[in-house]
Amino acid sequence: MTTFDSTPPTGATEFPLGRYTVLNALQLDLIECPADADVRSVARTMAEHTVHCVVVRNLESGDWGIVSDLDLMAAMRPELADATAGQLAATDPLTVGPADTLQRAAQLMVEHQTSHAVVVDPVTGEPVGILSTLDVARWAAV
């Protein structure tokens, strides 16, 4: 079993993001919604779990995707009132590996203009966690 220290270092004089990996900072709990969940259910799930994105599995392609907070906001337009999580889910979300540095993950988030990266198992390609900008900020703030 792999163990890691999830406590950010103290007293740093520079951002230590290059010294720490995604595994140190990621959120291991995946919050999921079924592909047929309506917009209200997605909103409820995000609110109840205080998260900014949910994983949606079993999309028409047989794959998975995510619905982010911004996807949810866009879905609140009248013409998308009947949309499902599967229809809203981004099927090509930004992904990073657990061994990637936080510096690399932060750089990718900036380049892709997103606040979340899905952490995928390097062997299976399945999501194992979510890394958010707030997770990175927690390590940069010390």
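The values are calculated or read from the model by the stated rules, or taken from the named source; none is laboratory data. Please read all numbers here as calculations on a predicted model, not as lab measurements. Positions of Cβ are generated from backbone atoms using ideal geometry, with glycine treated the same way; all protein chains shown enter the neighbour counts.
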- Query: Has the stretch 79-88 got at least one residue that is on the phi > 0 side of the Ramachandran plot and at pLDDT below 95?
  - Reply: no
- Task: Being in contact with a helix residue (DSSP H, G or I) (Cβ under 6 Å, 6 or more places away or on another chain) and in a loop (DSSP other than H, G, I, E, B) is the filter; apply it to the stretch 58-82 and report the residue that is farthest from Glu32 (Cα to Cα).
- Result: Ala75
- Query: When you go through (1) within 15 Å of Leu17 (Cα to Cα); (2) modelled with pLDDT under 95; (3) β-branched (Val, Ile, Thr); (4) in contact with a strand residue (DSSP E or B) (Cβ under 8 Å, 6 or more places away or on another chain) one by one for Val128, which number turns out not to apply?
  - Reply: (1)
- Hey, any hits in the stretch 131-140 for a residue that's in a strand (DSSP E or B) and either over 13 Å from the mean Cα position of the chain (by Cα) or at pLDDT below 90 (or both)? no
- Could you grab me the full set of residues in the stretch 1-33 that are closer than 30 Å to Arg44 by Cβ, at pLDDT 85 or above and in contact with a strand residue (DSSP E or B) (Cβ under 6 Å, 6 or more places away or on another chain)? Val22, Leu30, Ile31, Glu32, Cys33
- Message: If I ask for residues that are farther than 11 Å from Leu72 by Cβ, among the hydrophobic types (A, V, I, L, M, F, W, C) and either surrounded by fewer than 17 Cβ atoms within 10 Å (Cβ to Cβ) or touching a Pro at 6+ places or on another chain (Cβ under 8 Å) (or both), which ones from the stretch 32-53 would you list?
- Response: none
- Task: Please go through the stretch 81-107 and pick out each residue that is under 17 Å from Leu23 (Cβ atoms), under 13 Å from the mean Cα position of the chain (by Cα) and surrounded by fewer than 17 Cβ atoms within 10 Å (Cβ to Cβ).
- Result: Thr95, Gly97
- Output the number of the condition that Leu80 fails; it satisfies all remaining conditions of (1) closer than 21 Å to Val55 by Cβ; (2) without any contact (Cβ under 8 Å) to a residue 40 or more places away in the chain. (2)
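With the requirement that a residue be of a type in the set (A, V, I, L, M, F, W, C), in a strand (DSSP E or B) and more than 22 Å from Pro34 (Cβ to Cβ), what does the stretch 89-130 give you? Before you say what the answer is, go through the steps one by one.
Filtering the stretch 89-130 for residues of a type in the set (A, V, I, L, M, F, W, C) gives 89-90, 94, 96, 99, 102, 105-106, 108-110, 117-120, 123, 128, 130.
From what is left, the residues that are in a strand (DSSP E or B) are 90, 96, 117-120, 128, 130.
Within the stretch 89-130, Val96, Ala117 qualify.
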- Message: Regarding the stretch 51-63, can at least one residue be identified that is at pLDDT 90 or above and charged (D, E, K, R)?
- Response: no
